[in-house]
Structures are given as C-alpha cells and as structure tokens.
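Trainee: Can you read through this structure? Questions will come right after.
Values in this text are rule-based calculations from the coordinates and carry no lab data. Values in this document were obtained by computation on a predicted structure and should not be read as measured data. Because the Cβ atoms are built from the backbone with ideal geometry, glycine has one as well, and the counts that use them run over all protein chains shown.
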Amino acid sequence: MEGVPGGFDDLRDAAEFRRPTRFGGVECYRAHIVRHAFEPHAHEGFGLGAIESGVERFRYRGGEHLASPGSLVLMNPGELHTGRAETEDGWRYRMIYVDAAVVETITGDTGWWFPDAVCQDAATAARVGTLLDALWCADEALEADGLTLELLGAFRRHARVSQPLPAEGLPRFASVIDFLHANLDVRVSLAALAAVADLSPYHFLRSFQTCYHVSPHQMLMALRLAEAKRLLATGKAAAEVASTVGLSDQAHLTRAFSRRYGVTPARYQRQVRR
C-alpha cells in the first residue's frame, strides 16, 4: 500500500493490510505506530478510519492536524499527507482505503468529498472500529458486501455528496428469504440474491437493508442459526448441524450460536433434552 514501508526500524511499530473477500479497490489497514514518521504520500482512493488510542499528527492540504481517540480520519483521493505520533506511546488506528468508483457503485451516490480531515465523533468512531474489525475477519463475500455498505454509511454523514441516493421504495423480498432458506449450506453471492429480486446488486443490497434493517448476510446467519437450533433440539450432533446449515465447523457454530442465544450448542441440547 502507498506510503507503508515493508518494515519498520522500531520493533514497536507494526502495520498490516488486507483486501477483503470480494472486492477490488478496497483495502483494510490497521497499525500501531510509535516512532515511524510517514513521508508525504497519497492514496488512490478515499482514506477513511478511526483512531483507537494515542494521537496522530499529520499534514494534509497545507495544514497540520491532530487526530485523537474517538476521532474519524477523512482523506480524499490523491491528497498528499504525512503521519507521525504526537504521543509518547504512539497511536493505534484502523483505516479502509476505497476507490471513488467503488464508493459510487456501492452507495449509489456520486461526488463524495470530505471538507474536514478530522472529525471528533466518538460514537461513530467506535462503530467504525467494530465494523472494520468485522470486515477484516469476513470470510464470505456476501458478508463483506454488507459490511462495506454499512461502513460507508457511517462515514456518509460527514461527506458532501453532489448527487444523493434517490428515494427508493421498500420492495418485499419474500422470494429472497425463501431462496436463503433453501440454500443455508451455500455461500450465496450478492449477484445471485439480486437476480432473485430482479434488481441490480447494490440497488438490491441498499433496498434489502432499508427493508429489514440488516444485511443479507445477517439475515442468512439468523436463518442458519434458527435452523441449527431446531436441529440441535432433535439431538443431531453439533458437527453435523454445522455442516448442514453452512457453517465452517463446530467451533464456528459454537461462536455464532452463543452470540445469538447466550448458551453453547452443547448446553442448549442438555437443557432442552432433559
């Protein structure tokens, strides 16, 4: 990635980046920088992120900026900037770098531009950090699609947009829900779901989230876990249940089941089969 060296002189400095499943034109980045000072550099796309701890000082568009914990960093494409720690223990932060064309495709908006390089918005910064962490770990393309739209939605309130997303109706998606029910064990794509709804992929994604207030992947996981609960109650082994509902393994089932129902699959089986 532009501006990030292959290695650092100080062992306390660390940086990683990853391309999420599904996307070109999107990179996730996380770092803890103590001593390294980034030379002037630019990114092809938007550089959007949140400061988790410490304070960063950077020069951007002719001015010096300080980004403290709970603040958002909002950089427009192609703008030169620097970066160094303002605090003794450095600063820890997460970023997503998104090409402008990808922003337009996913959101339906044109002409995004951020007037402020730093905005203090602790609630949004916390949400952004959580979403970036989830996107970093996402292993299904459908999940990455939904998380990226949600991330861009979190930043949108700070952007100037030349052509806002037009108002859309709320089409019902019974056929899509039926399709998800019938394909719990399949890694379905956004394109496949959009085809069922007879919509373009990102029009479908935006409309679905407006309708249900969750992403298609979140709906799929809810359906998977509801079916897993039903199968566990019949006495089926957890490993078999995980495979049946499309989860990677028993450990995945345990994590997902516990987050939704507050108990592990094994404990649930013991409780309902006494």
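Trainee: When only Cα pairs under 8 Å and 6 or more residues apart are kept, what is the percent relative contact order across segment 78-175?
Mentor: Normalised by residue count, the contact order of segment 78-175 is 38 percent.
Trainee: For an R0 of 22 angstrom, estimate the FRET efficiency from the Cβ-Cβ distance between GLU64 and THR105 and round to the nearest 0.05.
Mentor: The formula returns an efficiency of 0.05 here.
Trainee: Tell me the Rg and the Dmax, in Å, that the Cα atoms of segment 223-272 produce.
Mentor: So, for segment 223-272, Rg and Dmax equal 9.1, 25 Å respectively.
Trainee: To two decimal places, what compactness ratio does the chain give when its Cα radius of gyration is scaled by 2.2 N^0.38 Å?
Mentor: After normalising by residue count via 2.2 N^0.38 Å, the value is 1.14.
Trainee: Restricting attention to the alpha-carbon atoms of segment 14-156, what are Rg (one decimal) and Dmax (integer), both in Å?
Mentor: Every Cα atom of segment 14-156 included, Rg and Dmax give 14.2, 42 Å.
Trainee: Quick check: the distance between the Cα centres of segment 31-68 and segment 92-108, to the nearest angstrom?
Mentor: Each part reduced to its Cα centre gives a spacing of 17 Å.
Trainee: So if each residue of separation counts as 0.36 nm, and I subtract the Cα-Cα distance between GLN120 and ARG160, what length gain in nm does that give?
Mentor: 12.7 nm
Trainee: What length, rounded to one decimal in nm, is gained on full extension from GLU79 through to ARG57, with 0.36 nm per residue of separation minus their alpha-carbon distance?
Mentor: 6.3 nm
Trainee: Could you give the DSSP H helices of the chain that reach 20 angstrom or more along their long axis (alpha carbon positions) and whose average Kyte-Doolittle hydropathy is no lower than 0.0?
Mentor: Taking the DSSP H segments of the chain (at least 20 Å long, mean hydropathy at least 0.0), we get 122-137, 141-156, 216-233.
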